[in-house]
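> Can you read through this structure? Questions will come right after.
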Amino acid sequence: MQFENSALGAAQTLIGSPVMKRDVLSSAPSPVANTPALSADESSWLSAIITSSTDAIISKTTDGIIASWNPAAERLFGYAPQEVIGKSIRLLIPEDRQTEEDEILTAIQANKTVSNLRTVRRHKDGHDLHIMVTVSPIHDADGKIVGASKIVRDLSAELESREKLEQSETQFKALADNIPQLAWMCDPNGQIFWYNKRWYEFTGADESTTLGHGWKSVHHPEHEARATEHFLSSLKKGEVWEDTFPLRGKDGKFRWFLSRAHPIRGDDGNIIMWFGTNTDVTDQKQREERIQLLLGEVNHRAKNMLTLVQAIARQTMASGENFLDRFSERMRSLASSQDLLVSSGWRGARVEDIMSSQLAHLEDFIGTRIILNGPHVRLTSAAAQSLGMALHELATNAGKYGALSNDTGQVQITWNIRTDEDVNRFEINWIESGGPPVEAPERRGFGSTVIEKMTRIAFGYPVKLEFPPEGLQWHLFSVDDRVFESDFVPEPSKSEAPDPQSVAPVSGTQQSPSAHRRVLVVEDEAIIAIDMAAALEDAGYAVIGPVGSVFEAMQLLDETPCDCAVLDINLAGETSAPVAGRLLQQGVPFVTVSGNTPETSGAEFSQAPFLSKPIITSKLLTQLSRMLTETAPQTR
C-alpha cells in the first residue's frame, strides 16, 4: 500500500463525511466505510484539490510520523516537504502543548475525529502560529486505521481582525464612557439601543427601564411631551435635532441638558441610526441667569443713582446755597461712599472706612482735633451711604461754622453697639467743643435735611440734633439690627440703650388731614425719599413717612390712615409686596416705582401704575391725581 494513495483515500473519506464544528479539543466517531478504488482521473483530480487548497493538508502515521505535506503546509509552517516528511509531527508542536498530540493520537486510534481544535503550533523560524486543526482517521480498503489526515487553517488574519476589533471596541468604550456628555444611539424610529456609562451613572437607571422609549421616565413631566414631539419630528425629517430640557438624576434632582442628535447614513444615503449626546448646561444656565440678574441689578442701581443725583441737585438748588460748589462737594461725598461699596462687592462698609473716606480732607486733624473711637462695625450699603453723606455735611458745617472753624476746637466721634431687649442697635455721636458759640439756625437747608431726615429714614429712628453754646451735638440710633450687614456678628456694649422717651419714634408728617390728601411714601434710598416727600408736600399732599422698610410702613398704616401711597418695590433686603397686599385689601390706590422693569415686579404690583427711576415729578403727581379722582374719598 502506497501511503500517498491512502492519503487520497482519506481525502475522499473527508469529502464524503460530515464535519463536526467544535471550538474545543473534542473527539467524535469517524465513519468507517469501504471506499471504492479511485480511477486515475479521480485520483488526479483529488490530488489537484489537495495541492491547490489554501488550507494546510498533512497526513501522518498512527504514531505521528509525517507522510504527506501539501504546498499550503509549506507556506504556513515554512518547511519544505523534504524537511519534514518522515519526521514526527511533534516538530511543529510547542513544548507546553505536547500532550495535545497524545490526546489526538488516542482519539485517532479510537476511530474518532478531532474537529476544529483552536491551538498554537511552531513555525520553522520559531514564532507561534495560531491555527484551527481538524484531524481525521485514515482507513485502508479493509477499514483498518492506517494514519490520520490533518486540515490546518491559519487563524492569524482572523485573530488580527479580532484584535483590531477588540482594540476598536476598547477605544470606543474608553471614549464613550469617559466623555462628560451622556451619549446614546437609536434606530431610525427613535428606539434607543445603546447608552454610554455616563448615562447610567447620572440617571441610576438600568437597561430594562430606559432602552427603547424608556428614556421618557427621566424627563421632567413639564417638558417631556414637547421634547418628544420635537425629537420625533426631527427624526421624521432627517434633520439634526437640538433641544434643551431637564433630566432627573439618581438623586431625584433635575439638571438642565443641551441635547443633540445627528443622523448616521449608510453608503446608500439612508439613515441607519442616530447618535445623540446630552451635555449638562445647568451651571452655564445658572451663570446666564446670574448675569441677567446682575444686569438687572446694574440697571436698577444705575437708575437709583440717577434718581439720587437728581434729588441731591434739586434739594441743593432749593436750599439757596452756592449750587455748583455745594453740589460738587456732595457728589464727591457720594462718590467716596460708592467707592467703598464697590470695593466690598456691595456688601456694606466698615464705619472706620466710612470715617476715613468722608473725612479725608481733614485727615491732618484726625487724632488731634478729630477724635475717633468705636468698635469694628460693618453696616449695610444703604446705611453706609446715608451715614457717609451725613458725616460729610457735619464735617462741612464744622469747618465753616463749628469746632473746626478755629484753631482750638475739637470733634469727638464715637460709635457703639447697644442691646435693648435682646435687640442690637447701632449708635453714633458727633460732639463738638471749643469752637465759636453755637446758636440754633433760623432756617434749615439741605445739609440739615441730610443729617436729620435722611439718616432717620435709613436707620429707622429720629436723630437728636442739639445746639448748646459749647458746640453742636448729633446723636443717631438705629431702630434695630437691620443696619448691620447680614454676616456681621455684633458685639454689643453693656451700656444703656437710648431712652425711647427722649427720641420720638418715626411718625407721619403732621399735616391737617382735612386740608390735604395723605400719601404714604415707602422708599429705602433716603435722599430719594426726602426729595419725593418734598415734591409731594410742595404739591399740597400730606406725606406719611417717608419710611424705608415694610415693618415701619405697616406701623404707620396701623397708626395713620392714608388716601394713596408711593411704593418702591425693592427695599433693602426685601420687597414692599406685603405693604402692597395690605393696601389692595383696604382699597387704597398706590403707584409703584423701581429701577427694574415692570415685568420683574410681583403680582401685588401688576394692577398699579408703574414709574421707572429716575422719577419725573410731574408724572408722579399726574398718576396720584388720576388715582384719587377715580377713587371716591373714604373716611378711614
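> Which of the residues spanning the stretch 40-83 are free of Cβ contacts under 8 Å to residues at least 24 places away in the same chain and of a type in the set (Lys, Arg)?
ARG75
> Looking at ASP154, ASP187, which one is within 30 Å of LEU129 (Cβ to Cβ), modelled with pLDDT of 90 or more and open to solvent by 40 Å² or more (accessible area, probe 1.4 Å)?
ASP154 is the lone residue from the list that is within 30 Å of LEU129 (Cβ to Cβ), modelled with pLDDT of 90 or more and open to solvent by 40 Å² or more (accessible area, probe 1.4 Å).
> Follow-up. Give the stretch 136-147 a look and list any residue that's hydrophobic (A, V, I, L, M, F, W, C) and either part of a loop (DSSP other than H, G, I, E, B) or at pLDDT 95 or above (or both), or say none.
Result: ALA141, single match.
> Output the number of the condition that ILE145 fails; it satisfies all remaining conditions of (1) of a type in the set (A, V, I, L, M, F, W, C); (2) closer than 30 Å to ALA107 by Cα; (3) open to solvent by 70 Å² or more (accessible area, probe 1.4 Å).
So ILE145 meets the others, but not (3).
> Only one residue in GLU496, GLU439, GLU452 is open to solvent by 30 Å² or more (accessible area, probe 1.4 Å), out of contact with any helix residue (DSSP H, G or I) (no Cβ under 6 Å at 6 or more places or on another chain), at pLDDT 85 or above and more than 19 Å from ALA349 (Cα to Cα), so which one is that?
Going through GLU496, GLU439, GLU452 in turn, just one is open to solvent by 30 Å² or more (accessible area, probe 1.4 Å), out of contact with any helix residue (DSSP H, G or I) (no Cβ under 6 Å at 6 or more places or on another chain), at pLDDT 85 or above and more than 19 Å from ALA349 (Cα to Cα): GLU439.
> Restricting attention to the stretch 572-590, report how many residues are touching a Leu at 6+ places or on another chain (Cβ under 7 Å) and surrounded by 22 or more Cβ atoms within 10 Å (Cβ to Cβ).
4
> All but one of (1) open to solvent by 10 Å² or more (accessible area, probe 1.4 Å); (2) over 28 Å from MET331 (Cβ atoms) hold for SER612; state the number of the condition that does not hold.
Just one mismatch for SER612, condition (2).
> Tell me yes or no: at least one residue of the stretch 549-571 is over 20 Å from ARG517 (Cβ atoms), open to solvent by less than 50 Å² (accessible area, probe 1.4 Å) and among the β-branched types (Val, Ile, Thr).
Yes; the residues of the stretch 549-571 include at least one that is over 20 Å from ARG517 (Cβ atoms), open to solvent by less than 50 Å² (accessible area, probe 1.4 Å) and among the β-branched types (Val, Ile, Thr).
The values are calculated or read from the model by the stated rules, or taken from the named source; none is laboratory data. Small disclaimer: the values here were computed from a predicted structure and weren't measured. No Cβ is skipped: glycine too gets one built from the backbone with ideal geometry, and neighbour counts run over all protein chains shown. We work out accessible area using only protein heavy atoms, side chains counted, and drop any ligands, DNA or RNA first. Shrake-Rupley method; radii C 1.70, N 1.55, O 1.52, S 1.80 Å.
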